[in-house]
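Undergrad: Have a look at this one before I ask anything.
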Amino acid sequence: MAQTAFVTHSDCLKHEMGAHHPERPERLAAIEDQLIASGIGQFLKRYDAPLASDEQLARVHPLEYVQAIRQVAPEQGTVHLDPDTAMNRWSLRAALRAAGAAVLATDLVVSGEAKSAFCCVRPPGHHACRSRPMGFCIFNNVAVAARHALAAHGLERVAIVDFDVHHGNGTEDIFEGDPQVLMASTFQHPFYPYCGTEDPAPNMVNVPLSAGAGSRELREAVREAWVPALDEFKPQLVVISAGFDAHAEDDMAMLRFTDGDYAWVTAQVKAIADRHAKGRIVSCLEGGYALSALGRSAVQHIRVLAELNA
């Protein structure tokens, strides 16, 4: 049986945005540590992420934007792209690896070499709009994966599922009104980036959750909104924006998800992929800043993807 692919790269550890920034290299180490502690790391097939090409990025971002990011990338020191998002000398390579991981994962899953894939990468991507970096994100990794599946593999329908605590406004900006892509998401609202609820396009299944919402509200959203829309859409590939910052232990936000919620929501998405997409799932790390909760939750997510259910 094809294994679950685990795609990462050491360049993603070298991207740093300054002391005390929550989106820090230790996030990836926390996931790796929990993979070892849980014993499931040995069952994954590891791959090094390649560098995304301009052609792959240009399906999502105007080439002028890609070139502007290349030009502003510093050779030393730190450059701020916005108040939350900065680049050091390694950040460009890290961002290209993160997008490249999404491309490789898509190739592996669509070709059948892997049944599913998890991209353990940073910087994250779902706030990156067509022509604007924001919210710790430079290139939109899940969007690059979805467009690669459509353009390079000839798929006709790709679903993107986003359970990060913040709305994936960049992904919405890129795909709103695109009949080949359906996006289903939950997010805290009102909360950064303060959008996603005003007259969304028909292919956007956005479910805002109030501060304090937890397991019950997540499960209602998935059962009542996501599943019917995804079943009707019949995706040929499911791409996940896997943010773990809605966890109760993550003090960057105010949702109350548990480790088990991440296993549950992954199982629901996996059932949809099994029904319509030959089980094909590409998952990319987004948020999650409480290191212990991040590591545990990511392992719950990967365990279900890899059918290593305890």
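We did not get these values from a lab; they are worked out from the coordinates using the rules stated. This structure is a prediction, so every number in the text was calculated from the model and none was measured. With ideal geometry, Cβ positions are generated from the backbone for all residues, glycine too; neighbour counts draw on all protein chains shown.
Undergrad: Between residue 53 and residue 197, what FRET efficiency comes out of the Förster formula 1/(1 + (r/R0)^6) with R0 = 35 Å and r the beta carbon distance, rounded to 0.05?
TA: Rounded to the nearest 0.05, the efficiency is 0.50.
Undergrad: Let me have the relative contact order for the chain, percent, based on Cα pairs under 8 Å that are six or more residues apart.
TA: The value is 20 percent.
Undergrad: Continuing with this model, one more query. Please report how far the C-alpha centroid of region 239-310 lies from that of region 23-70, rounded to the nearest whole angstrom.
TA: 16
Undergrad: Using Cα pairs closer than 8 Å and at least 6 residues apart in sequence, work out the relative contact order for region 1-144, in percent.
TA: Computed value for region 1-144: 34 percent relative contact order.
Undergrad: Over every pair of different alpha-carbon atoms in region 92-207, take the mean of 1/r and invert it; report that Kirkwood radius in Å.
TA: Hydrodynamic radius (Kirkwood, Cα only) of region 92-207 equals 14.4 Å.
Undergrad: Once the convex hull of the C-alpha atoms of region 167-310 is built, how many Å³ does it hold per residue, rounded to a whole number?
TA: Hull volume over Cα atoms, normalised by residue count, gives 100 Å³.
Undergrad: With no other cysteine's Cβ closer than 4.7 Å, which Cys residues of the chain count as lacking a disulfide-compatible partner?
TA: Cysteines lacking a close Cβ partner in the chain: 12, 120, 129, 137, 195.
Undergrad: So, one more: Evaluate 2.2 N^0.38 Å with N set to the residue count of region 23-78, then give the Cα radius of gyration divided by it.
TA: Expressed relative to 2.2 N^0.38 Å, the Cα Rg reads 1.66.
Undergrad: Pop a pseudo-label 7 angstrom from the Cα along the beta-carbon direction at both residue 307 and residue 225 and give the gap in nm to one decimal.
TA: In this crude spin-label approximation the distance works out to 3.1 nm.
Undergrad: Which whole-number percent is the relative contact order of region 41-89 (Cα, under 8 Å, 6+ apart)?
TA: Contact order relative to length: 21 percent.
Undergrad: Label-point separation (nm) for residue 232 and residue 271, each offset 7 Å from Cα along Cα-to-Cβ?
TA: Using points 7 Å along Cα→Cβ, the separation is 1.9 nm.
Undergrad: Using only the alpha carbons of the chain, determine the length spanned along each of the three principal axes and report them from longest to shortest in whole angstroms.
TA: Principal extents (largest minus smallest coordinate, Cα): 48, 42, 39 Å.
Undergrad: Per the Kirkwood treatment, what hydrodynamic radius in Å, one decimal, follows for region 54-155 from the mean inverse distance over all distinct Cα pairs?
TA: About 13.8 Å, per the Kirkwood formula over Cα pairs.
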